[in-house]
1. Kindly list the number of the only condition in (1) on the phi < 0 side of the Ramachandran plot; (2) at pLDDT 95 or above that fails for E169.
2. Out of A52, A23, A71, report the one residue that is among the aliphatic types (A, V, I, L, M), within 15 Å of the ligand (Cβ to nearest atom), closer than 19 Å to Y102 by Cα and surrounded by 24 or more Cβ atoms within 10 Å (Cβ to Cβ).
3. Among P45, P18, which is under 16 Å from the mean Cα position of the chain (by Cα) and either exposed (fewer than 14 other Cβ atoms within 10 Å of the Cβ) or in the same structural domain as V130 (by the TED database) (or both)?
4. Looking at region 5-15, which of its residues are away from the ligand (no atom under 16 Å from the Cβ) and in contact (Cβ under 8 Å) with a residue 60 or more places away in the chain?
5. Any idea which of P45, P84 is within 12 Å of the ligand (Cβ to nearest atom) and touching a helix residue (DSSP H, G or I) at 6+ places or on another chain (Cβ under 8 Å)?
6. Quick one: count up the residues across region 90-114 that are in contact with a strand residue (DSSP E or B) (Cβ under 7 Å, 6 or more places away or on another chain), within 12 Å of the ligand (Cβ to nearest atom) and closer than 23 Å to A55 by Cβ.
7. Consider A121 carefully, then state whether it is surrounded by fewer than 16 Cβ atoms within 10 Å (Cβ to Cβ), among the aliphatic types (A, V, I, L, M), at pLDDT 95 or above and away from the ligand (no atom under 12 Å from the Cβ).
8. Could you tell me which of the residues V105, V98, V156, V85 is modelled with pLDDT of 95 or more and closer than 16 Å to M20 by Cβ?
Amino acid sequence: MTDSPKVLLIMGSDSDLPVMQAAGEVLQRFGIPYEMHIASAHRSPAKAMALASEAAGRGIEAIIAGAGMAAHLAGVVAAKTILPVIGVPMPGGALNGVDALYSTVQMPGGIPVATMAIGKAGAKNAGLFVVQMLALNDGRLAGALKEYRREMEDEVERKDAALQAAGREA
Ligand SMILES: Nc1c(C(=O)O)ncn1[C@@H]1O[C@H](COP(=O)(O)O)[C@@H](O)[C@H]1O
């Protein structure tokens, strides 16, 4: 995207990209410019901390941080900025994301990380949560979110209608 980014997406590894893309897709759908980076609190701590501490000065309004296993990334990012940080626990590893969920959500009092569900649904909701925050001061986004909800409702209705029709035929 060419506009200056409003949202920063950080992930601990390139292996997280297929999941984190779900957040990017939501932001793209709502026309919100974002930037994606790979940076790790464990493997490249200086870069992870610099991205976090410089974000506000660059006009970023929210950060989505995704990591798996011992997922310290979102917490470390949150420690270096007062921007809202949304954490997405990645699936995989021996514990299939439960480790990442606990290490993302169990922040000590004082440094919050708004933690979403494990995996793609969590990444998607992280994107939507950011849209909802930005919509507080943006009527266009608020309207687009209402339309998104209407479409979701219509889709459920279509599926139910198809189920009822199939039931009648059986
Ligand atoms: N949890 C973290 C952090 C961190 O918290 O800073 N950095 C990388 N990782 C995670 O390690 C997992 C395995 O990484 P590799 O696939 O590169 O071995 C990834 O899910 C990544 O987010």
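1. (2)
2. Within the list A52, A23, A71, the selection yields A71.
3. The conditions single out P18.
4. Those that are away from the ligand (no atom under 16 Å from the Cβ) and in contact (Cβ under 8 Å) with a residue 60 or more places away in the chain: K6, V7.
5. Exactly one residue qualifies, and that residue is P45.
6. Of the residues in that region, 4 qualify.
7. Considered against the rule, which asks whether it is surrounded by fewer than 16 Cβ atoms within 10 Å (Cβ to Cβ), among the aliphatic types (A, V, I, L, M), at pLDDT 95 or above and away from the ligand (no atom under 12 Å from the Cβ), A121 comes out as yes.
8. V85
The values are calculated or read from the model by the stated rules, or taken from the named source; none is laboratory data. This one's a predicted model, so the numbers in the text were calculated from it and none came from an experiment. Heads up, the Cβs are rebuilt from the backbone with ideal geometry, glycines too, and the neighbour counts pull from every protein chain shown.
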